[in-house]
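What follows is a single structure, written as structure tokens, with notes after it.
The values are calculated or read from the model by the stated rules, or taken from the named source; none is laboratory data. Keep in mind the model is a prediction, meaning the values are calculated, not measured. In this analysis, Cβ positions are derived from the backbone assuming ideal geometry, glycine residues included, and neighbour counts consider all displayed protein chains.
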Amino acid sequence: MLCYLCRVLTDEYSRVITEEGNVINGLYAAGNLGGQFFGAPDYPFFQGGLSIGHAFTFGRIAGKHAASL
């Protein structure tokens, strides 16, 4: 997915969490898809390249967690 701006909640391992607070096993989100990066459901402004570090960091966290299963 190239760009998706919405509120997909994740936990500390980048696993996607349902509205009820349950983890969806095997589903991870990082980068723009991993919500609450700015504390809101959407970006407050547009800045090219802003989420690259977030994507790398949480992508690595998600990958390490998935590999440990």
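The residue pairs whose first member lies in region 11-24 and is in contact (Cβ under 8 Å) with a residue 12 or more places away in the chain, whose second member is surrounded by fewer than 10 Cβ atoms within 10 Å (Cβ to Cβ) and of a type in the set (S, T, N, Q), and whose beta carbons are closer than 9 Å, counting only pairs six or more residues apart or on different chains, are R15/N25.
To keep it simple, each residue is scored yes or no on (1) in contact with a Pro (Cβ under 7 Å, 6 or more places away or on another chain); (2) closer than 24 Å to L69 by Cβ; (3) at pLDDT below 80; (4) not in a loop (DSSP other than H, G, I, E, B).
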| site | (1), (2), (3), (4) |
| --- | --- |
| V16 | no, yes, no, yes |
| I24 | no, yes, no, yes |
| L27 | no, yes, no, yes |
| N32 | no, no, yes, yes |
| G39 | no, no, yes, no |
| Q47 | no, no, yes, no |
| L50 | no, no, yes, no |
| H54 | no, yes, yes, yes |
| F58 | no, yes, no, yes |
